[in-house]
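A short write-up of the structure that comes next.
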Amino acid sequence: MSTKARSKIQLSIILPTYNEHQNILNLLNSLLNISKSYDLEILVVDDDSTDGTQSLVKQFAQSDKRVRLINRIGRFGLSSAIKEGLINSTGEIVAVMDSDGQHEPKAIEMAVNQLITQELDLVVGSRFLNESELKGLTRNRRNGSFFANIFARFSLSRHYRHITDYMSGFIVLRLRSCIPFVLKVDVNGFKFLYELLAISRGQLLVREIALTFQPRISGESKLDIAIIWDFLISFLHTITLRVFPRRAISFAIVGLTGVFVQLFSTHLIIVISEVGFAQALPFSVVIAASSNYLINNALTFRAQRLRNWSLIRGLLKFLLVASLPVMANVGLATSFYTFITPSELWAQMSGIVVVFVWNYAASSRFVWNTPS
C-alpha cells in the first residue's frame, strides 16, 4: 500500500487510562509520530485518575487537537472505557492499546496494514505467536494467561480456534463491521476482546500479528482477585450461551459459598453449644447471609461497592431484604427436617434454593440500587 493511499485512512487510537501520569505523555508523543501516515485522532478515556493523568492530557489536547480526553466520573472499568472510546471514535479503523508502555506504537501500523490488505474485520496483537517476544510478562501472568486462553478457546466459536491470545489488550478493528457487536458487549466482562469474540459467534474475520511485549515503564499492574473472578464469570456466561445475566451467575456462585458457610456454621454451633438443629439454624443462616453480602459487595457489585458507613447500612438493608426468605428458609428447612427426612444437608438445601431468586432481585434493587 502506498503512503499516499494510506494517508487517506482515518485512524482512531483509544487509550484507556487510570493513574498513568508517568507514562501517558511519552506514549502520546510516540503515537503522534505515525500521524503522517494517517488522519489521526487519539482518545484518552480516563477513569477519573487520582494522580493528575487527566490534567496532563487536557493540557496536551489544548495544544494538539488530534488528542481528545474523555474524563469519566462515576463509571469505571477497562471494558467500559474501551467500549465508550469505540462508540465515540470517528475513524474508519480503530486501534485499542494499553497506556502503560507495554504495547509498541509501531505495532499499530503493522496491524492496520494487515487489516486492509487481507480485508479483515479485526487484528489481534498476540503475545504468544512464535515470533512474539515477551519482555514484560512475569512468569505468574504468563501461566495465568496460558490457562485463561485454554478455557477461552474451549468456550468460543470454532472459527476463532486459530487465535493464540484471547486476553490481548491490543486490537485493531474495522469499526463498521464490528460496531454492531461492540454495542452488545457487556462492560462488566473480563476482557473486551473475549467478550467481543463471544458475542460475534464466529462472524468476524480475525487474524493476529506478533507483539514485542515490553516491560511496564512505571506503575503497577491492575491484576487482582477481582480480575480472576471476572474471567470465571465471563467463561460461565459464555458456555451457558449468555442466557443468564452475568450478575445472576456471580450472585449464584457467591450463594454457593454461603451454602458451605451455613452448613459449617450450623454444625459448629451444634457441636460447641450442644443445641438442637432448629435452634442453631437461625444463627447460621444470618452468618451465611452476612458472608454472601460482603463477598457480593466486593465482587458481584464491585462497580457499586459500598464502603464505610454505607457498608454497614447496606448490610442492614441486605438482612432486612433477606428477612422474609430467611424465615422461609428456616421454616421450610425445619419442616423438611421434621416431616420428610432428618437430613441436615437436604433440609437446608431445600430452603436455600427457594430464596435465591428473591435475594438476587431484591438486593440488586434495594441494596446496590442497580437493575438485576
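The values are calculated or read from the model by the stated rules, or taken from the named source; none is laboratory data. Worth saying up front: this structure is predicted, and the values here are computed from it rather than measured. Every residue, glycine among them, receives a Cβ derived from its backbone with ideal geometry; neighbour counts consider all protein chains shown.
Values as computed for the structure displayed
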{"read-out": "Extreme residue, surrounded by the most Cβ atoms within 10 Å (Cβ to Cβ), among residues of region 128-159 that are without any contact (Cβ under 8 Å) to a residue 24 or more places away in the chain and among the charged types (D, E, K, R)", "value": "ARG153"}
{"read-out": "Selection status of SER89, surrounded by fewer than 18 Cβ atoms within 10 Å (Cβ to Cβ), in contact (Cβ under 8 Å) with a residue 12 or more places away in the chain and over 19 Å from the mean Cα position of the chain (by Cα)", "value": "no"}
{"read-out": "Leading residue by the ranking (farthest from GLN10 (Cα to Cα)) among those in region 174-185 that are within 20 Å of the chain's Cα centre (by Cα) and touching a residue at least 40 places away in the same chain (Cβ under 8 Å)", "value": "VAL185"}
{"read-out": "Test: THR266 is in the same structural domain as VAL321 (by TED's automatic domain parsing), surrounded by 17 or more Cβ atoms within 10 Å (Cβ to Cβ), in contact with a Ser or Thr (Cβ under 7 Å, 6 or more places away or on another chain) and not in a helix (DSSP H, G or I)", "value": "no"}
{"read-out": "Pair list, Cβ under 8 Å, 6 or more apart: region 97-119 residue within 20 Å of LYS191 (Cβ to Cβ), other residue aromatic (Phe, Trp, Tyr) and at pLDDT 95 or above", "value": "MET97/PHE170; ASP98/PHE170; HIS103/PHE170; ALA107/PHE170; ALA111/PHE170"}
{"read-out": "HIS162, sole failed condition from (1) crowded, with 16+ Cβ neighbours inside 10 Å; (2) under 24 Å from LEU232 (Cα atoms)", "value": "(1)"}
{"read-out": "Total residues in region 278-324, condition surrounded by 18 or more Cβ atoms within 10 Å (Cβ to Cβ) and either on the phi > 0 side of the Ramachandran plot or small (Gly, Ala, Ser) (or both)", "value": "6"}
{"read-out": "Hits in region 43-83 (condition: within 26 Å of LEU197 (Cα to Cα) and exposed (fewer than 14 other Cβ atoms within 10 Å of the Cβ))", "value": "ARG75"}
{"read-out": "Among (1) at pLDDT 70 or above; (2) part of a loop (DSSP other than H, G, I, E, B), the one test that ASN297 misses", "value": "(2)"}
{"read-out": "Complete set of residues in region 85-115 that are assigned to a helix (DSSP H, G or I) and either closer than 23 Å to ASN29 by Cα or at pLDDT below 95 (or both)", "value": "GLY85, LEU86, ASN88, LYS106, ALA107, ILE108, GLU109, MET110, ALA111, VAL112, ASN113"}
{"read-out": "Test set (1) at pLDDT 90 or above; (2) surrounded by 16 or more Cβ atoms within 10 Å (Cβ to Cβ) - THR238 fails condition number", "value": "(1)"}
{"read-out": "Answer residue from region 251-263, given it is touching a residue at least 60 places away in the same chain (Cβ under 8 Å) and of a type in the set (A, V, I, L, M, F, W, C) and is surrounded by the fewest Cβ atoms within 10 Å (Cβ to Cβ) among those", "value": "ALA252"}
